[in-house]
Amino acid sequence: MTFGQKLKLLLKQRHMTQVELSKHLGLRDSSAVTNWIKDRYHPSYDNMERISQVLEKPVTYFAEPDDELDDTQLKGVQNLNELLRATLPAPRVVPVGVLGTVSAENFHLAVENTPDEYLPVLVEGSGAKKIFALKIKGSCMEPSAHDGDYAVVEEADYVDDGKLAVLRYNGGFTLKRVFRRDGFVELKPDNPKFKSLKIASDDLKVVGQVKLFCRKP
């Protein structure tokens, strides 16, 4: 389980809302908690300590299974911050290539094989999966993303229901939320002014899952 999945599970078990957790942590609103649960980024070390206290779980609980420490590593840990740095992926800024544009409204031929520009993006984890960016065209995904924003995408051939994905159909690409139905896939926009698309399951290919949206600095 990822950090976000574990946090979501703990909140459910304790019948605590994201707003309530935010208040316990002294945050202005619940947007940061929402981003943590969606694994867009991890909390600071200070917030991790507070989360651990509020939810009554040791900090090591939030380490992903393949990040667990062995006895030798644990022996060298002297304080909570060192433990957190040892268990949580270190965020780093990397240049992510922009592979053209993607329509948020319909399917268009716009994704390219080589980047025409790069974005500085803060990422976490091992970096084993390919990450790329696409410039969004259209207002179909507002308010989540606007025309001209960039979608940072992690290469994948499957996404869970409700997740944002870049999809391919008949050689064209689009950006939508994925919901699987009986025999077809419903692609839903975030903007209620636009209608969903319904595509036969066998004809649709997932290219990648959207990890975050950003604007070029």
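The values are calculated or read from the model by the stated rules, or taken from the named source; none is laboratory data. In this text the structure is predicted, and so the values were computed from the model without any measurement. For neighbour counting, all protein chains shown are included, and Cβ atoms are generated from backbone atoms with ideal geometry for every residue, glycine included.
Within the bounds of region 155-174, is there any residue that is of a type in the set (S, T, N, Q) and in a loop (DSSP other than H, G, I, E, B)? Yes, some residue in region 155-174 is of a type in the set (S, T, N, Q) and in a loop (DSSP other than H, G, I, E, B).
Show me the helices (runs of 4 or more DSSP H) found entirely inside region 12-127 where at least 3 residues are closer than 30 Å to Thr174 by Cβ and modelled with pLDDT of 80 or more.
On the way: elements: 18-25, 31-37, 45-54, 71-75, 80-87.
Those helices (runs of 4 or more DSSP H) span 31-37.
Okay, residues lined up against (1) surrounded by fewer than 17 Cβ atoms within 10 Å (Cβ to Cβ); (2) touching a residue at least 40 places away in the same chain (Cβ under 8 Å):
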residue: Val153; (1), (2): no, yes
residue: Tyr169; (1), (2): no, yes
residue: Ser196; (1), (2): yes, no
residue: Ile199; (1), (2): no, no
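Taking each residue of region 119-139 that is closer than 15 Å to Arg40 by Cβ and looking for partners that are modelled with pLDDT under 70 and hydrophobic (A, V, I, L, M, F, W, C) with beta-carbon atoms closer than 9 Å, six or more apart or interchain, yields Glu124/Leu88; Glu124/Ala90; Ile131/Val123.
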